[in-house]
Every structure is written in C-alpha cells, then in structure tokens.
Amino acid sequence: MKTAFVFPGQGAQFSGMGKDLYDSSSKARDLMEKANDILGFRITDVMFTGSAEDLRATNVTQPAVFLHSVCIALCREDLPKPDMVGGHSLGEFSALVACGAVGFEDALRLVATRAAQMQKCCEATPGSMAAIIGLDNETVERICAGVDGMVIAANYNSDGQVVISGEKDAVEKACEAMKAAGAKRALPLSVGGAFHSPLMEPARAELAKAIEATTVKAPFCPIYQNVTASPETDPQTIKENLLRQLTSPVKWTQTVKRMIADGADNFLELGPGNVLQGLVKRISSSIGADVTIGQA
C-alpha cells in the first residue's frame with residue numbers, strides 16, 4: 001500500500017480551526033505560537049474565534065490553512081510516513097513541509113509573502129472565479145478563449161468540474177456561455193480575486209525573491225506539483241514550479257490520476273475541511289481505481 005498525503009488550499013478554512021490541536025498537543029501549540037511571532041499578529045485568535053468574514057481575507061486565510069495542515073502533518077504521531085505528497089494551490093506549501101523539502105518557518109514566511117502579494121493584486125485589479133460543473137475541459141477552455149476579456153481555466157478539480165478565473169465581467173460572460181453550452185452549473189465563488197490567472201502577475205517579483213532566498217532540500221518522497229502534475233524531487237525544479245503556480249492552472253485531476261498510476265491506494269487529507277476527499281473520490285471513480293480515502 002502506498003500512502004499519499006494531500007493538503008487543501010484556500011476555501012477550506014472555518015472558525016475554530018486548529019483549536020483542538022492547540023489544546024491537545026504541546027508540539028502543535030509551540031508551532032502555532034511560533035507562527036504568531038513570525039506573522040506579527042495572533043493568527044490563532046482569528047482561527048479559533050474569528051468570523052467567516054475575518055478568515056476570508058487572503059492574507060489571513062492562506063497562513064491559517066497552512067498552519068492547520070502542517071500542525072497535523074508534524075504533530076500527529078499516529079500517521080504513516082507518506083510515499084508521496086501533493087497540495088491544492090496553497091496546499092502545495094504544506095506538502096513541501098510534510099516531505100521535508102522546506103522547513104516550517106521558511107515555508108510560513110513564503111506563504112505570508114505569497115498571501116500579501118496576492119492580496120495586493122486582488123485590491124489593484126478586482127477579479128473573480130466560478131466553478132463550472134458538467135462540461136469537459138476542452139469545452140471550458142474553448143469558451144474561455146472566445147470571451148472578450150481575460151478569463152482562463154484555473155483549477156482542474158475533477159472530471160467535469162473546472163474553476164475559471166479572470167476579470168469579473170469576463171467570468172460572468174463565460175458563465176452565461178457555459179450554461180448555454182450545457183453546463184449543469186456555473187457557480188460564482190466567494191473568493192478575493194482571480195487566483196491562478198495572469199491577474200496575479202504583479203505578485204511575481206516579490207514572490208520570486210522570497211522563493212529564491214528560501215532553502216529547498218531534496219524531499220524524502222516525491223511532491224506532485226500543481227503546474228506539472230508530476231513527481232518532483234529536484235530542489236531547483238520545485239522552486240521554479242512554485243513560482244509558475246502563481247499564474248498557472250492547478251492540475252489537480254491530473255495530479256491525482258498520476259499518483260494513482262504511480263501506486264497510491266491510500267489518500268489522507270491533512271487540514272481543515274474535506275473538499276479534497278470528495279475530489280479524490282470522484283477522480284478515482286472516473287478511472288475505476290480502488291483507493292482508500294480519509295481524513296487525518
């Protein structure tokens with residue numbers, strides 16, 4: 001049996017997240033207090049008692065989800081050692097810690113930089129995202145290409161579920177065209193901006209500096225990165241893919257299928273929520289794979 005650890009991204013947060021870990025594990029409590037010091041504010045207060053609105057800001061959401069996920073990976077002694085890891089968008093940074101490629105403090109600083117720069121992009125150029133249900137990838141891509149304005153397929157979440165991202169007007173036009181083409185649903189998402197689209201390009205320079213300054217070691221198991229959906233172990237390649245991820249689509253469907261092809265038959269989601277469990281179940285069912293899926 002090969003175990004894959006998978007880590008959620010932005011959107012998995014909820015009020016009260018991580019409180020049980022803080023209360024029950026001194027190691028987790030130490031990591032969370034260290035995070036408070038590094039970030040310069042008590043993110044644990046927002047995680048434990050903040051409202052949904054408090055948690056929605058990109059510069060809060062990303063470090064909060066990362067912190068919750070990593071505390072599980074590093075502090076739960078009952079977990080098996082993973083044979084491979086992967087994360088959805090932000091979750092890729094959690095995965096890097098879990099496989100030993102990046103240290104906790106370095107990864108948290110990277111996440112904080114990424115979140116702050118993406119927040120600036122959201123404020124400078126308002127964008128949006130929408131989930132398209134019931135169309136194949138090629139149809140979604142073709143419709144996006146034919147819409148006036150900037151809109152692209154940004155997250156390939158599972159077969160028949162693709163998230164589009166871009167300028168607000170372009171996303172709205174694309175949603176109407178998707179419905180006309182037979183989409184079951186075209187659902188606007190409550191997010192801060194157009195993630196994984198060219199609208200995030202202004203964040204590249206600062207994120208590139210932060211990534212270049214970060215020590216990345218060869219992981220003890222492969223990390224399947226969003227940009228390539230392939231197992232990576234070379235530190236320089238990992239760095240390059242982290243930067244490319246900012247404006248490139250998240251190939252989650254392709255990632256899970258590749259993990260299964262490489263022998264993964266036990267998937268554990270580490271972090272808040274259970275979104276990835278549902279996606280892995282749909283993806284594995286679509287190819288007839290017999291896998292175990294659970295929450296750590």
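The values are calculated or read from the model by the stated rules, or taken from the named source; none is laboratory data. Model, not experiment: these values are computed from the prediction. Backbone-built Cβ (ideal geometry, glycine too); neighbour counts: all protein chains shown.
Looking at segment 41-64, is at least one residue buried (at least 16 other Cβ atoms within 10 Å of the Cβ), β-branched (V, I, T), in the same structural domain as I238 (by TED's automatic domain parsing) and under 14 Å from the mean Cα position of the chain (by Cα)?
The answer is yes, given that some residue of segment 41-64 is buried (at least 16 other Cβ atoms within 10 Å of the Cβ), β-branched (V, I, T), in the same structural domain as I238 (by TED's automatic domain parsing) and under 14 Å from the mean Cα position of the chain (by Cα).
Run down A112, A98 and say which single residue is touching a residue at least 12 places away in the same chain (Cβ under 8 Å), surrounded by fewer than 24 Cβ atoms within 10 Å (Cβ to Cβ) and more than 16 Å from K239 (Cβ to Cβ).
Only one candidate qualifies: A112.
Are any residues in segment 244-274 surrounded by 18 or more Cβ atoms within 10 Å (Cβ to Cβ) and in a helix (DSSP H, G or I), and if so, which ones?
Q245, W252, T253, Q254, T255, V256, K257, R258, M259, I260, listed by residue number.
One line per residue, one yes/no per condition, for (1) assigned by TED's automatic domain parsing to the domain that holds V163; (2) of a type in the set (F, W, Y); (3) in a helix (DSSP H, G or I):
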residue	(1), (2), (3)
G9	no, no, no
A12	no, no, no
S15	no, no, no
Y22	no, yes, yes
D30	no, no, yes
A35	no, no, yes
H68	no, no, yes
A73	no, no, yes
V85	no, no, no
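Mind checking which helices (runs of 4 or more DSSP H) fall wholly inside segment 122-212 and carry at least 1 residues that are outside the structural domain of A52 (by TED's automatic domain parsing)?
Those helices (runs of 4 or more DSSP H) span 137-145, 168-180.
Is one or more of the residues making up segment 219-227 under 21 Å from C144 (Cβ atoms) and without any contact (Cβ under 8 Å) to a residue 40 or more places away in the chain?
Yes - at least one qualifying residue is present in segment 219-227.
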